[in-house]
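Some notes on the structure that comes next.
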Ligand SMILES: Cc1ncc(COP(=O)(O)O)c(C=O)c1O
């Protein structure tokens, strides 16, 4: 019988995610599957929680991976923290902020939004004015907007949100393991991420963390969490305490993968990993600029792990990406929404953020574009 898996090529993943996966993570994924209440597995679960706390720089007890991709993490935060009629403010400058708005709206919240031009950051002065006018139950924003390559000013926003008394929810799907995140210091009450970006694990898990204030809100709810699978008041009984209670069958081997991915980052040192991302970003930018290509985002607001490059006039986005993947086995991303056909998104996430990968891409670009 023909087995399609034997024909898979090794693609250099330089798009907006998934990123390259290391051999150690692939090895971890193939370790023996254990029962989801096995004591060895439970000790791995405990260590994953500890690893995530370290990377998010938080002491939050409720720090666990949700079984599902980054969007499940997003949904978990909203369904647990919002009740019908809550006042919610979403700060939007890309596709993932828009997705937050959609989820909050579906949950029956009174949703206000402030929209900023895609490719520019959230402006704190404008947010400040809005927060003076109205009290919110929750304010949500994306840290690293993968659709545009913009880094939003989370620390500054955290202070403003704290003065308003609302909960502060942050998407760190693309930022975790690539840039500094100080969850406690910055006053973040709830955060979610995804395994397939700077953590360099395959997609399928969404680390989340809730502060004490967020847990209080969960306990004070007048109504049940409207989603059974993502109800943290039940999930917490599987992820903590002496008597673990079955909730759903955890994706055991995926959790081995996440364990190894976090282990790799902490062994290299979080600060070193963050510095490596910045160093590789600078290298990529200087190579691209030498070649006459320009970046979409102003220097001070650029993400190191997601570089939005303006597609030169007269060049076909899809044609170039097709050549890259078919002839060079390199994947990069295209633009989304208003940036479709206007930018390429080059990811330098986790394992991908290495000099040799940048060189391969630049060499290919030179051959194709010249
Ligand atoms: C910033 C951000 N938030 C949320 C998501 C959704 O994650 P997933 O595609 O893993 O569901 C992504 C995915 O690219 C993202 O980049």
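The values are calculated or read from the model by the stated rules, or taken from the named source; none is laboratory data. Here the structure is a predicted model, which means the values were calculated and not measured. Quick reminder, even Gly has a Cβ in these numbers, built from the backbone with ideal geometry, and neighbours come from all protein chains shown.
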Of the residues in the stretch 288-313, those that are over 16 Å from residue 146 (Cα atoms) and touching a helix residue (DSSP H, G or I) at 6+ places or on another chain (Cβ under 7 Å) number 2
Would you confirm whether or not the stretch 63-86 contains a residue that is within 16 Å of the ligand (Cβ to nearest atom), over 29 Å from residue 249 (Cβ atoms), touching a helix residue (DSSP H, G or I) at 6+ places or on another chain (Cβ under 6 Å) and at pLDDT 95 or above? no
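Of these, 120, 148, which one is within 16 Å of the ligand (Cβ to nearest atom), part of a loop (DSSP other than H, G, I, E, B), farther than 30 Å from residue 239 by Cα and at pLDDT 95 or above?
Working: 120 fails: within 16 Å of the ligand (Cβ to nearest atom).
Only one candidate qualifies: 148.
Mind listing whichever residues of the stretch 195-222 are part of a loop (DSSP other than H, G, I, E, B) and either within 11 Å of the ligand (Cβ to nearest atom) or within 17 Å of residue 15 (Cβ to Cβ) (or both)?
So the first thing to find is which residues in the stretch 195-222 are part of a loop (DSSP other than H, G, I, E, B), and the list is 195-204, 211, 220-222.
The answer is 195, 196, 197, 198, 199, 200, 201, 202, 203, 204.
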Output for the stretch 210-227, where each listed residue is surrounded by fewer than 13 Cβ atoms within 10 Å (Cβ to Cβ) and touching a residue at least 40 places away in the same chain (Cβ under 8 Å): 212, 222, 223
Tell me yes or no: at least one residue of the stretch 101-115 is within 16 Å of the ligand (Cβ to nearest atom), in contact (Cβ under 8 Å) with a residue 24 or more places away in the chain, touching a helix residue (DSSP H, G or I) at 6+ places or on another chain (Cβ under 8 Å) and assigned to a helix (DSSP H, G or I). yes
Please specify each residue of the stretch 21-50 satisfying the condition of being more than 16 Å from the ligand (Cβ to nearest atom) and touching a strand residue (DSSP E or B) at 6+ places or on another chain (Cβ under 9 Å). 45, 48, 49, 50
Could you pull out the residue among 97, 85 that is farther than 29 Å from residue 240 by Cβ, in contact (Cβ under 8 Å) with a residue 12 or more places away in the chain and in a loop (DSSP other than H, G, I, E, B)? 85
Can you tell me which residue in the stretch 162-182 is nearest to the ligand (Cβ to nearest atom), limited to those that are in contact with a strand residue (DSSP E or B) (Cβ under 6 Å, 6 or more places away or on another chain) and over 17 Å from residue 201 (Cβ atoms)? 171
Can you name the condition, by its number, that residue 90 falls short on among (1) within 11 Å of the ligand (Cβ to nearest atom); (2) under 28 Å from residue 343 (Cβ atoms); (3) surrounded by 21 or more Cβ atoms within 10 Å (Cβ to Cβ)? (1)
